[in-house]
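First up is the structure itself, then whatever we jot down about it.
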Amino acid sequence: MSLKLYNTLTRTKEEFVTIEPGKVRMYVCGPTVYDKAHMGHAMSALVFDILRRYLVFRGYEVTYVMNFTDVDDKIIKRANESGEDPFVLGQRLIDDYKQNLVDLNILPATIHPRATQEMEGIVEMIQDLINKGCAYAVDGDVYFRVEKDADYGKLSHRNINDMQAGARIDVDERKEHPMDFALWKSAKPGEPYWGSPWGNGRPGWHIECSVMSREHLGDQIDIHGGGNDLIFPHHENEIAQTESVTGKPFARFWMHNGMLQLNGQDMSKSTGNLVRIEDFLRDHSGDVMRMIVLNGSYRGPMTFTDEVVAQAEKALERMRSALKPALPGAEGLSEADTREFHDALFNAREEFVACMDDDINTAGAVGKLFDLVRTINQARDRGANAEQIAFGQAGLLELTGVLGLTLAVEDKSAGNPASDYIDLLLELRAEVRQRKLYDLSDLIRNRLKALGVVIEDSREGSSWHFE
RNA sequence: GGCGACGUGGCCAAGCGGCAAGGCAAGGGUCUGCAAAACCCUGAUCAUCGGUUCAAAUCCGAUCGUCGCCUCCA
């Protein structure tokens, strides 16, 4: 069995072969930090976190780089509007984003480079491109010469001429070709700048990623990822820049996640059609968003609605149902049931891997996990003992762990001053039930339910939890 | 105009040539004093039309619809 991944470059699923055996170098485009991150960013970060975790599960040593683009026109604009220093703004938003990642249980990147800390390399690379005839300076700006790049457009599968037709933005007359893009922009008064052979200025949008991936991962990498809105122009231009300098293919696999849809349209910072990560996490655990992402395919558009969120919450509850302990006094499964149980566990794992190997088919993989949940719950009902249940749960938890689900229950009762009183009510209710005063015991249950406290009775007693 | 994605039961969504996974919701049942949970059972011929094939949700063509990129966006 081998892992296959969809490659935007070839538009096919290809067998995943790394440059260096056993090692994966991957670079994922992080956010431009001019505003707080929204759930679309969360989706992208989760998709590549899941990919990364699976690669590790498959035995690869993964070097994962996620950058921050912290110098950009919009950052400057936003900073000017609020009067905040652009660097302070960027730093604040980077800190916020990192906290978002932690809250979403996303593993920290091996390296989190920032554009502003790579200026020397950026200037060098631009100079390199000029020296090679791939770029030219005009009045303090530097542009990439797309006509010099024979295979420009190979990622987005377009050619320069087709795009000219739709280019309805004002074309800078100083450019040799309308599609030429900026590598360096001269600074206007009041803007932050860095020194360069072409005068004070700042890098254009795409060059920083070319530089950072090369700096931290080398000329050639295994995977380059990001949202599919980055295919053009961002990633196309990264390829043009990097390959023009190195003369070698840049990334083997270009992987792109689909967009998260809110109200039938992409979440987008520019249109304000979004839900911020921090707002979402106020009401939901990180697992919930992860479950939403897992339930779909990463390449297509993903539906994000209140109903989907609620469904994901319930799906998680179901998954956790398998984590409940064995029934008290369980005598253990019969030999035949034990064998069946073990076979089911083994098969679920095999099928899980088969799904994930097929271009990270998380929806299929999660389906297998729910099969496993049923298997475990069945075993419990059939009297599996603690050891047997724990064995099954360990198998489930290993795989949910690969997907990055914590399955943690938010213990809202811990430290809640009401807890002691609720415990007391349950004690009383137990006594009431002993005396078969069921109308009273039901009254307690109903009243607590109305207050958000759910009581569950079993042979061994009652338990409660907050909704 | 160019490039692309998508349309599967009430909702979310796998499957991509061989009798349609899974989750949520719904209905019936087992268990329970009742309830909850768990378990069991029930439901779709896959936008439309045409073609290829022994066989299509899965391939080809057309049509309709939705969304996206070509300008900053994960």
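Within the range A:400-414, at least one residue is within 15 Å of RNA strand B (Cβ to nearest atom) and in a helix (DSSP H, G or I).
Does A:L101 satisfy the criteria of being within 21 Å of A:M26 (Cα to Cα) and either without any contact (Cβ under 8 Å) to a residue 40 or more places away in the chain or crowded, with 21+ Cβ neighbours inside 10 Å (or both)? So A:L101 fits the description; yes. Considering (1) small (G, A, S); (2) crowded, with 18+ Cβ neighbours inside 10 Å; (3) farther than 25 Å from A:T12 by Cα, the lone condition that A:S210 does not fulfil carries the number (3).
In the range A:334-359, what residues are assigned to a loop (DSSP other than H, G, I, E, B) and out of contact with any Phe, Trp or Tyr (no Cβ under 6 Å at 6 or more places or on another chain)? Scanning the range A:334-359 gives a single hit, A:S334.
Yes/no matrix, rows are residues, columns are (1) charged (D, E, K, R); (2) outside any helix (DSSP H, G or I); (3) in contact with a helix residue (DSSP H, G or I) (Cβ under 8 Å, 6 or more places away or on another chain):
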site: A:M212; (1), (2), (3): no, no, yes
site: A:D229; (1), (2), (3): yes, no, no
site: A:P233; (1), (2), (3): no, no, no
site: A:S244; (1), (2), (3): no, no, yes
site: A:P249; (1), (2), (3): no, yes, yes
site: A:F253; (1), (2), (3): no, yes, no
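Taking the range A:370-391 as the range and being closer than 30 Å to A:F48 by Cα and touching a Leu at 6+ places or on another chain (Cβ under 6 Å) as the test, only A:L372 passes.
Residue-wise test of (1) within 17 Å of A:Y97 (Cα to Cα); (2) outside the structural domain of A:I94 (by TED's automatic domain parsing).
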| position | (1), (2) |
| --- | --- |
| A:L262 | no, no |
| A:K269 | yes, no |
| A:N273 | no, no |
| A:R276 | yes, no |
| A:L294 | no, yes |
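Just one of the listed residues (A:M212, A:M163) is under 30 Å from A:M302 (Cβ atoms) and without any contact (Cβ under 8 Å) to a residue 24 or more places away in the chain, namely A:M163.
The rows are residues; the columns are (1) in contact (Cβ under 8 Å) with a residue 24 or more places away in the chain; (2) within 16 Å of A:N228 (Cβ to Cβ); (3) part of a helix (DSSP H, G or I).
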site: A:V17; (1), (2), (3): yes, no, no
site: A:M26; (1), (2), (3): yes, no, no
site: A:K36; (1), (2), (3): yes, no, no
site: A:H41; (1), (2), (3): yes, yes, yes
site: A:A45; (1), (2), (3): yes, yes, yes
site: A:D49; (1), (2), (3): yes, no, yes
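Of the residues screened, A:G83 is not one that is modelled with pLDDT under 95 and buried (at least 21 other Cβ atoms within 10 Å of the Cβ).
Filtering A:G258, A:G247, A:G227 for residues that are surrounded by fewer than 18 Cβ atoms within 10 Å (Cβ to Cβ), under 25 Å from A:R158 (Cα atoms) and among the small types (G, A, S) leaves a single hit, A:G247.
The values are calculated or read from the model by the stated rules, or taken from the named source; none is laboratory data. Here the structure is a predicted model, which means the values were calculated and not measured. Glycine gets a Cβ as well: all are built from the backbone with ideal geometry, and neighbour counts include every protein chain shown.
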